[in-house]
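Since every read-out is calculated from the coordinates, none of them should be taken as a lab result. Values in this document were obtained by computation on a predicted structure and should not be read as measured data. Here the Cβ positions follow ideal geometry from the backbone for every residue, glycine too, while neighbour counts run over all protein chains shown.
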Amino acid sequence: MFISRIAFVALTFFTFTSALVTPPTKRDDADVFNILTTLKGSTDSILPQIDSLVANKQASSSNLTPLFNEVQAALKTAASSLQGLGAKKVKRQTSDELSALLAEIIKDINASTTSANSSTLFGFPGIVSAITLALETLLIELNVIVPGILASVVLLLDGVLGVVVGLLLTLLAIL
């Protein structure tokens with residue numbers, strides 16, 4: 001009789017407490033992928049404008065600065081969207097897809113900023129620094145959510161860009 005009362009009390013307790021405790025929200029791998037896809041869409045609409053101005057020799061501070069500011073804003077938006085997501089182990093295939101998408105975004109941004117800097121006499125050091133800082137913030141947030149993704153991205157980046165990102169990651173690890 002005593003055991004049945006304890007069982008009843010325990011069952012009642014667990015029933016009420018399980019109703020009060022909300023299960024943690026599951027974050028789908030698609031969340032990160034959607035954020036990066038949105039970023040890619042934003043950069044795909046902005047960077048061709050920069051490339052067109054450079055190719056037509058119409059690049060100037062007055063017409064490139066707003067476009068670079070849009071790139072920086074897109075990077076900041078993606079980083080802040082990633083901030084709310086927690087760390088999660090993602091599937092290897094998903095991690096590879098995210099790495100490829102991120103590497104493509106970085107390559108596109110690098111190509112446009114490099115061509116814009118070489119098209120003018122003094123370049124755009126302030127703008128490039130701001131974009132670099134926004135990109136660094138994005139990479140840090142992404143590495144928190146998908147640990148190890150940056151190593152995959154570095155492997156996908158070719159030449160000097162891969163070395164620079166690798167050195168940046170090394171410096172971040174030391175700090």
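Local charge sum around residue 131 (other residues, Cβ-Cβ under 13 Å, Lys/Arg +1, Asp/Glu -1)?
Working: positive: 76; negative: 70, 108, 136.
So the surrounding residues net to -2.
Based only on Cα atoms, what Rg/Rh ratio does the stretch 35-77 have, Rh being taken as Kirkwood's radius? Don't skip to the answer; put the middle values down first.
Details: Rg = 10.8 Å, Rh = 10.6 Å.
For the stretch 35-77, the value is 1.02.
In nm, to one decimal, how far is the residue 155 label point from the residue 129 one, both placed 7 Å along Cα→Cβ?
3.5
Stretched out fully, how many nm does the piece from residue 69 to residue 85 gain, at 0.36 nm a residue minus the Cα gap?
Once the chain is fully extended between residue 69 and residue 85, it gains 3.2 nm.
Where Lys and Arg each count +1 and Asp and Glu each count -1, what net charge lies around residue 82 among other residues with Cβ under 10 Å from its Cβ?
Values: positive: none; negative: 31, 141.
Net charge around residue 82: -2.
Compute the length gained on full extension between residue 100 and residue 31: take 0.36 nm times their separation in residues and subtract their Cα-Cα distance, giving the result in nm to one decimal. Walk me through the intermediate numbers first.
On the way: separation 69, 0.36 × 69 = 24.84 nm, distance 1.61 nm.
Difference between extended and current length: 23.2 nm.
Hey, what do the phi angles of the stretch 55-67 turn into as Karplus ³J(HN,Hα) couplings, whole Hz, using 6.51/-1.76/1.60 and θ = phi - 60°, x for Gly and Pro?
5, 8, 6, 10, 6, 8, 4, 5, 9, 8, 4, x, 5
Report ³J(HN,Hα) in whole Hz for each residue of the stretch 32-45, in order, from the Karplus equation J = 6.51 cos²θ - 1.76 cosθ + 1.60 where θ = phi - 60°; Gly and Pro get x.
Taking θ as phi minus 60°, the curve returns 5, 4, 5, 5, 5, 5, 4, 4, 4, x, 5, 5, 5, 8 Hz for the stretch 32-45.
State the extension gain, in nm to one decimal, for the chain segment bounded by residue 144 and residue 56, taking 0.36 nm per residue of separation less the distance between their alpha-carbons. Write down the numbers at each step before the final one.
Details: separation 88, 0.36 × 88 = 31.68 nm, distance 4.07 nm.
Gain on extension, residue 144 to residue 56, equals 27.6 nm.
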